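Chemist: Before anything else, here's the structure in question.
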Amino acid sequence: MLKKIVILMTLLLVAQTSFSQQKTRADRFFEKGDYTNAAKYYEEELAKEYHKKALENISVAYYNTFQYRNASRYLKQLVNGKFGEKDKSYDNEFNFKLYQVLSVLGDYETGLDYFKLYKENLSASLNKAEAIETIEAFKLMNADYTIKLASFNSPASDFGAVKLKDEVYFTSDRDNKQLLPKKYKWTHQPFLDIYAVSVSDKNEMLGEVRLLPEHINSKLHEGNFCFSKDGATIYVSRSNFDDGKKEFDDNVNNNIHLYVATRTNGEWSALEELDFNKPAFSYQHPALSPDGKKLYFSSNQEGGFGSFDVYYVTVNVDGTFGEPVNLGETINTENREHFPFISDDGNLFFASNGHFGLGLLDNFVSELVDGTFSKPINLGAPINSQYDDFNLNYYNETEGFFASNRNRLDDNIYSFNQIGEIFIREYINLFEIRDKETKEFIPNAMVTLLDKKGNEIYTNTLDSIASFNKNLLAGNYVLKAANDAYENGVINVKVLEEQDQKHVLYLTKLPPVLPPEPPKPLDPVEVLIAEKGIDKNLKEEDPKRFELLTDVEGPPVIEKDGKLFFQLEPIYFDFDRWSIRADSKLVLDALAAKLERYPDIHLKISAHTDSRGTVRYNQILSERRAEATRNYIALEGFINARRMKFQGFGELSPIVPCPMLNCTDEEHQLNRRSEFEILEY
């Protein structure tokens, strides 16, 4: 749970049931929300004896103070029943917390086991293999944004940046230079306030950061906020208090409520609480629709789908508000949805740890289609990371801010520039079949378009204008064409984002005078069986191995010493380099195409160097070449990287021994190679 969510959420004073007759010192710190000191004293308790409640509380304390490795250690003890009580049951929320902290620590696979258990306890399901593939897709997808750390960050927690004309407003718990400032027990930092700074067109600071006036900022928390289009109205998340005193609900919780103020002649009025706030719940993260007629926010009010959901209220002309409306289960989950923002196009951006992502909170977008928000899309890297990423908003069509605590405890503000298309679109692709010599259309061409899995998505016999249009998603495709007067043709097609394309397949005309009909050719499979000495019983004993050895399409498979290898033209590397050469890319493209047809194949890529250079240098160089080969097949061939292992062997296994480096350049070139062993099929 990140600091700003904590600050903008209710400070829940949890009534703990102690395993002894009297609450311990650790319990009292925990109930006050001082998780740093609570963890310290729970450590002392647990050093003597493990109790369930102490394990639960220390896990929460470390989780809430971003000490994820410590949280992981105690969560594992809890879920594995490593405590003294006979009752080994525990709340399902700890499965979700363990999934999150393991994701932060990079152990996605183990974390997903606990996420799967969490889902099953909610009578839902999770396909772990598909989840891993989705995570890898998030990491390998083309970046739609560039990001940059904002110049006005501090060593404290900074987030919630909003640009209004030539000023940026944001929330921070930095030192505000007050005498004897109050500290927030949870963070041991000052309470949150709203700041402003003048910036250039490139968001560089043009002056000092300044604090908004006292009738906007108080001695407690002022958190996320938003402005009306004209900047004359501000909506603020704020600790609920009246006349300088905290307001508590029946459970002694001081909740977060929404307030509004207006600016006249450059002066802000006092904040006024919005009338739909209910004392028992929190209301936070306000966001206005572009027309100012709806106010969106996050709340844990009763009747929602989970911890916090996204709601909206109508903003009436007379300044009153309608009743909160939940955005429904397409947007909201059983976990947390926060920080809504509505773009000028009406699309909803928000942060969630309930929709599947890279770790803790991720930024999502839901497109407004016919008045309804569509299924949310994860914005991927670099906007999202395995840490908390949140509070994304735009100040023009392509630029804006978001916040993240990646690589450190405190939150930082990042600026971004959108460079790609964030919604999944189909793009118009024109296909033509032409004569290789004359470049004229080939009438009556029979065409087939296949997707990357080999499924037919278009087939037809074209007329005299041998062309067709097809709307396609970005990705890899194969176009095949045939005509009785031409040799069959095939090309690989790569459909790109954000552009319409034309693809031309040229066919070679058959000679007009054919030689005498040759003898009927032998069955190519039978020829391979004879050439390779394949036992025909293999077809029954190991049909998949038989299929691989006799498949004549694409790179052949051979057997050496009982192992299977792809027989490719050599993958050569330039001396002292590990980048894939242009002549080798075609070879790897053909291999990737075959791997798409055999999705169960797992490879080991072995890279070798020549003997020039030191043994250690050559070992490192070969490892980089093997990795570069794997990365090319994964990124350009769209093959799951988990199917490929790679290993460098340095100069240890040359094809041509070179004692005293007594080899020609051509012989050294032969030694710089890659090999492809089939580990599983």
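Chemist: From the list A607, A592, which residue is closer than 25 Å to N476 by Cα and of a type in the set (A, V, I, L, M)? Explain how you work it out, then say what you get.
Modeler: Values: A607 fails: closer than 25 Å to N476 by Cα.
Every option except A592 fails the conditions.
Chemist: Let me ask something else. Of the residues R673, R643, only one is open to solvent by less than 40 Å² (accessible area, probe 1.4 Å) and in contact with a Pro (Cβ under 6 Å, 6 or more places away or on another chain); which?
Modeler: Criteria check complete, one pass: R673.
Chemist: Only residues that are closer than 23 Å to K97 by Cα, out of contact with any Ser or Thr (no Cβ under 8 Å at 6 or more places or on another chain) and β-branched (V, I, T): list them for the stretch 355-402, please.
Modeler: Once the filter is applied, which keeps residues that are closer than 23 Å to K97 by Cα, out of contact with any Ser or Thr (no Cβ under 8 Å at 6 or more places or on another chain) and β-branched (V, I, T), the stretch 355-402 yields only I383.
Chemist: Examine the stretch 86-104 for a residue that is in a loop (DSSP other than H, G, I, E, B), at pLDDT 90 or above and either of a type in the set (S, T, Y) or under 28 Å from L192 (Cα atoms) (or both), and state whether such a residue exists.
Modeler: yes
Chemist: Sticking with this structure for a sec: Looking at E666, E680 in this structure, which one is at pLDDT 85 or above and either at positive phi or surrounded by fewer than 19 Cβ atoms within 10 Å (Cβ to Cβ) (or both)?
Modeler: Step by step, each of E666, E680 is checked, and only E680 is at pLDDT 85 or above and either at positive phi or surrounded by fewer than 19 Cβ atoms within 10 Å (Cβ to Cβ) (or both).
Chemist: Separate question: Out of (1) closer than 30 Å to G160 by Cβ; (2) out of contact with any strand residue (DSSP E or B) (no Cβ under 9 Å at 6 or more places or on another chain), what's the single condition that is false for P443?
Modeler: (1)
Chemist: Moving on. Those residues that are open to solvent by 60 Å² or more (accessible area, probe 1.4 Å) and under 19 Å from the mean Cα position of the chain (by Cα), I need them from the stretch 409-437; list them, please. Steps first, answer last, please.
Modeler: Kept after step one, since they are open to solvent by 60 Å² or more (accessible area, probe 1.4 Å), are these residues of the stretch 409-437: 409, 419, 424-426, 428, 436-437.
Correct list: I419, I424, R425.
Chemist: Only one of (1) touching a Pro at 6+ places or on another chain (Cβ under 7 Å); (2) surrounded by fewer than 18 Cβ atoms within 10 Å (Cβ to Cβ); (3) within 17 Å of I491 (Cβ to Cβ) fails for S464. Which number is that?
Modeler: All conditions are met except number (3).
Chemist: Hey, another quick one. Restricting the stretch 529-543 to residues that are among the hydrophobic types (A, V, I, L, M, F, W, C) and within 21 Å of I601 (Cα to Cα), which is surrounded by the fewest Cβ atoms within 10 Å (Cβ to Cβ)?
Modeler: L538
Chemist: Also: Within the stretch 440-459, restricting attention to residues that are exposed (fewer than 13 other Cβ atoms within 10 Å of the Cβ) and in contact (Cβ under 8 Å) with a residue 24 or more places away in the chain, which residue is farthest from the chain's Cα centre (by Cα)?
Modeler: Of the stretch 440-459, the ones exposed (fewer than 13 other Cβ atoms within 10 Å of the Cβ) are 440, 453-457, 459.
Imposing the further condition that a residue be in contact (Cβ under 8 Å) with a residue 24 or more places away in the chain reduces the set to 453-454.
Working: K453: 24, G454: 27 Å.
If we take residues in the stretch 440-459 being exposed (fewer than 13 other Cβ atoms within 10 Å of the Cβ) and in contact (Cβ under 8 Å) with a residue 24 or more places away in the chain, then G454 is farthest from the chain's Cα centre (by Cα).
Chemist: Looking at L479 and the list (1) of a type in the set (A, V, I, L, M); (2) buried (at least 18 other Cβ atoms within 10 Å of the Cβ); (3) under 30 Å from N347 (Cα atoms), which single condition is not satisfied?
Modeler: For L479, the exception is condition (3).
Chemist: Answer yes or no as to whether T398 is surrounded by fewer than 16 Cβ atoms within 10 Å (Cβ to Cβ), of a type in the set (S, T, Y) and over 22 Å from the mean Cα position of the chain (by Cα).
Modeler: Here the answer is no, as T398 does not meet what is asked.
Chemist: Please specify each residue of the stretch 55-78 satisfying the condition of being under 21 Å from L112 (Cα atoms) and hydrophobic (A, V, I, L, M, F, W, C).
Modeler: V60, F66, A71, L75, L78
Chemist: Restricting to the stretch 66-97, give me the number of residues that are open to solvent by less than 20 Å² (accessible area, probe 1.4 Å) and of a type in the set (D, E, K, R).
Modeler: 0
Chemist: Still on this structure, I have one more. Just to be sure before I move on: is A626 in contact with a strand residue (DSSP E or B) (Cβ under 8 Å, 6 or more places away or on another chain), open to solvent by less than 30 Å² (accessible area, probe 1.4 Å) and under 30 Å from A474 (Cβ atoms) in the structure I sent? Talk me through it step by step, then tell me what you get.
Modeler: On the way: in contact with a strand residue (DSSP E or B) (Cβ under 8 Å, 6 or more places away or on another chain): yes; open to solvent by less than 30 Å² (accessible area, probe 1.4 Å): yes; under 30 Å from A474 (Cβ atoms): yes.
Yes.
Chemist: Give the stretch 484-498 a look and list any residue that's crowded, with 18+ Cβ neighbours inside 10 Å and touching a Lys or Arg at 6+ places or on another chain (Cβ under 9 Å), or say none.
Modeler: Across the stretch 484-498, the qualifying residues are Y486, G489.
Chemist: Need at least 2 residues that are polar (S, T, N, Q) per element, so show me which strands (runs of 3 or more DSSP E) inside the stretch 390-440 make the cut, counting only ones lying wholly within it.
Modeler: Numbers: elements: 399-404, 412-418, 426-435.
Where strands (runs of 3 or more DSSP E) fall fully within the stretch 390-440 and carry at least 2 residues being polar (S, T, N, Q), they are 412-418.
Chemist: Next up: Here are some residues: F566, F546. Which one is modelled with pLDDT of 85 or more, open to solvent by less than 50 Å² (accessible area, probe 1.4 Å), farther than 19 Å from I655 by Cβ and in contact with a Leu (Cβ under 8 Å, 6 or more places away or on another chain)? Spell out how you get there, then give the answer.
Modeler: Working: F566 fails: farther than 19 Å from I655 by Cβ.
Only one candidate qualifies: F546.
Chemist: State whether one or more residues within the stretch 306-318 are out of contact with any strand residue (DSSP E or B) (no Cβ under 6 Å at 6 or more places or on another chain), in contact (Cβ under 8 Å) with a residue 24 or more places away in the chain, open to solvent by less than 60 Å² (accessible area, probe 1.4 Å) and part of a loop (DSSP other than H, G, I, E, B).
Modeler: Looking for residues that are out of contact with any strand residue (DSSP E or B) (no Cβ under 6 Å at 6 or more places or on another chain), in contact (Cβ under 8 Å) with a residue 24 or more places away in the chain, open to solvent by less than 60 Å² (accessible area, probe 1.4 Å) and part of a loop (DSSP other than H, G, I, E, B), one finds at least one in the stretch 306-318, hence yes.
Chemist: Then there is this: If you check Y184 against the conditions, is it at pLDDT 90 or above, of a type in the set (F, W, Y), out of contact with any Ser or Thr (no Cβ under 9 Å at 6 or more places or on another chain) and farther than 24 Å from A381 by Cβ? Show your work before the answer.
Modeler: On the way: at pLDDT 90 or above: no; of a type in the set (F, W, Y): yes; out of contact with any Ser or Thr (no Cβ under 9 Å at 6 or more places or on another chain): yes; farther than 24 Å from A381 by Cβ: yes.
Criteria not met by Y184.
The values are calculated or read from the model by the stated rules, or taken from the named source; none is laboratory data. Quantities reported herein were computed from a predicted structural model and do not represent experimental measurements. Counting neighbours? That spans all protein chains shown, and the Cβs are built from the backbone with ideal geometry, glycine included. With ligands, DNA and RNA removed, areas are computed over all heavy atoms of the protein, side chains included. Shrake-Rupley method; radii C 1.70, N 1.55, O 1.52, S 1.80 Å.
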